[in-house]
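Trainee: Got a structure here, written out as structure tokens. Questions coming.
Each reported figure results from applying straightforward, stated rules to the coordinates on display, with no laboratory input. It should be emphasised that the depicted structure is a prediction, and the values quoted were computed from it without experimental measurement. Quick reminder, even Gly has a Cβ in these numbers, built from the backbone with ideal geometry, and neighbours come from all protein chains shown.
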Ligand code: TRH
């Protein structure tokens, strides 16, 4: 089938990150994909090799292409009016509507299970009379599942941790805790770094490029006003990473003992890595991320120290930071096992779209 996937980049990397991953995985299963995106610049570092079968196209409001066989509107980005009109015309000409999927953000909240697969009639605009279908990624079989490549376990099995670390000028040393850091500006970050600096256990932070780098830089500079050279001479060491490709970002998570991730796509990657992780949610002004965090923790069923760490990291509670992550390991592995027993997102999407195409109910 020919797929049209539409993506608008709001800020950060999650929207294009998910849309690229989805496009690439569809193409690997033999589908053809046109990925329409308003700002494709991040793909230069995220996916420098591209993917045969995926064509990246600029989305301006002049999109006049003939619709393909299925349309995905990612994260409520609202299809261009011309494309909606073309979809309505194609529906009249073909005598049936190409499936139109409304891909939602990942959440463990119960509404994802209730709404997944439901139809949503388009009431106004050039697409009036057509029907979209909600697609909710999620953590249970009643949702659309998570993006998981079929060759993930094979790639993981071949991964050479020592070689990867050395390629980033890190000598793997026994006894040093390796911690990846991909975050926004967590209020507890300064405390965490100070705590690791004062610990008896050596810790190396591998800090990702962008907002995490800027947040840590501010803290290092503040420390250096009173302690020149900080964190030199302490148990804390820092490696500043460049922007990594999506597959190299997986390597980072596989190489570390603990992963700090943020948004949705890197959370999924941390779950596949099955190492202890801490998730920072995208902060929302109405604190909707508090409910979202609590639903995720209820699904994960972590030990108390892990739950409390998440609450402190997300500014939900003022709990003291206790990095007891070896205790978290078994739960992280159990979470991956549970998820691997469920269908992945692309399989569920193909099932739903083929069902729609045959005119069957979801
Ligand atoms: O970048 P994010 O914070 O994206 C967020 C969320 O998706 C959020 O829900 C959304 O509302 C907001 O953007 C606008 O985090 P996320 O979702 O983890 O996406 C990051 C992507 O960047 C992911 O695909 C991994 C990728 N990445 C790399 O490929 N290389 C890197 O070096 C880094 C740091 C990230």
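Trainee: Tell me the Kirkwood hydrodynamic radius of the range 180-274 in angstroms, computed as one over the mean inverse distance between distinct C-alpha pairs.
Mentor: This gives a value of 13.9 Å.
Trainee: P(r) tail for the range 152-340, what percent of Cα pairs lie past 25 Å?
Mentor: That tail contains 33 percent of the Cα-Cα pairs.
Trainee: Compute the helix-to-body angle for 211-224: its Cα long axis versus the longest principal axis of the chain, expressed 0 to 90° and rounded to tens.
Mentor: Between helix and principal axis, roughly 20 degrees.
Trainee: List 327, 78 from most exposed to least, where exposure is judged by having the fewest other Cβ atoms within 10 Å.
Mentor: Placing the least packed residue first, the sequence is 78, 327.
Trainee: Sort 220-226, 348-354, 198-204 for me by packing, meaning the mean count of neighbouring Cβ atoms within 10 Å per residue, highest on top.
Mentor: In decreasing order of mean packing, 220-226, 348-354, 198-204 become 348-354, 198-204, 220-226.
Trainee: Further question: Run the helix sum for the chain: -39,500 (n - 2.57) per DSSP H stretch of 4+ residues, divided by residue count, reported at 222 nm to the nearest 500 deg cm²/dmol.
Mentor: Calculated mean residue ellipticity at 222 nm is -12000 deg cm²/dmol.
Trainee: Based only on Cα atoms, what Rg/Rh ratio does the range 252-362 have, Rh being taken as Kirkwood's radius?
Mentor: Checking Rg against Rh, the ratio lands at 1.06.
Trainee: In what order do 120, 285 fall by count of nearby beta-carbon atoms within 10 Å, going from fewest to most?
Mentor: Result, fewest neighbours first: 285, 120.
Trainee: Is any residue of the range 85-106 close enough, with backbone N under 12 Å, to a label point placed 7 angstrom from the Cα of residue 57 along the Cα-Cβ axis, and if so, which?
Mentor: Label zone hits: 86-87.
Trainee: Under a 10 Å cutoff between Cα atoms, tell me which one of 32, 66, 84 has the largest fluctuation in the Gaussian network model of the chain.
Mentor: The residue that fluctuates most here is 66.
Trainee: Continuing with this model, one more query. Cut-off is 10 Å between beta-carbons; in what order do 16, 170 appear when sorted fewest neighbours first?
Mentor: With the sparsest Cβ surroundings first, the list reads 170, 16.
Trainee: Of all DSSP beta bridges in the chain, what percent run antiparallel (nearest 5)?
Mentor: Antiparallel bridges: around 5 percent, rounded to the nearest 5.
Trainee: Next question. I'd like the per residue volume of the convex hull spanned by the Cα atoms of the range 55-166, given in cubic angstrom.
Mentor: 169 Å³
Trainee: Hey, with R₀ at 22 Å, roughly what FRET efficiency would residue 153 and residue 334 work out to, going by the Cβ-Cβ distance, to 0.05?
Mentor: E between residue 153 and residue 334, to the nearest 0.05, is 0.85.
Trainee: Further question on the same structure: Report, in degrees rounded to the nearest 10, the 0 to 90 angle that the Cα long axis of helix 288-300 makes with the longest principal axis of the chain.
Mentor: The two axes meet at around 80 degrees.
Trainee: Give the peptides 48-60, 288-300 in descending order of average Cβ contacts within 10 Å, highest first.
Mentor: 288-300, 48-60
Trainee: For the chain, what mean projected area does the convex hull of the alpha carbons give, in nm²?
Mentor: Over all viewing directions, the chain projects a mean Cα-hull area of 18.9 nm².
Trainee: Let me ask something additional. What's the center-to-center distance, using Cα atoms, between the range 181-208 and the range 211-265 in Å?
Mentor: What the calculation gives is 7 Å, centre to centre.
Trainee: Report the calculated FRET efficiency for residue 191 and residue 358 (r = Cβ-Cβ distance, R0 = 56 Å), to the nearest 0.05.
Mentor: 0.50
Trainee: Multiplying the sequence separation of residue 225 and residue 169 by 0.36 nm and subtracting their Cα-Cα distance, what value in nm do you get?
Mentor: 17.4 nm
Trainee: Please list the equivalent ellipsoid semi-axes of the range 1-119, computed as the square roots of five times the alpha-carbon gyration tensor eigenvalues, in descending order and whole angstrom.
Mentor: One finds semi-axes of 22, 19, 14 Å for the range 1-119.
Trainee: If I take every Cα pair under 8 Å that is 6 or more residues apart in the chain, average their sequence separation and divide by the length, what percent do I get for the relative contact order?
Mentor: It comes to 15 percent, rounded to a whole number.
Trainee: Please determine, in degrees from 0 to 90 and to the nearest 10, the orientation of helix 329-340 with respect to the longest principal axis defined by the Cα atoms of the chain, where the helix direction is its Cα long axis.
Mentor: That helix lies at roughly 10 degrees to the long axis.
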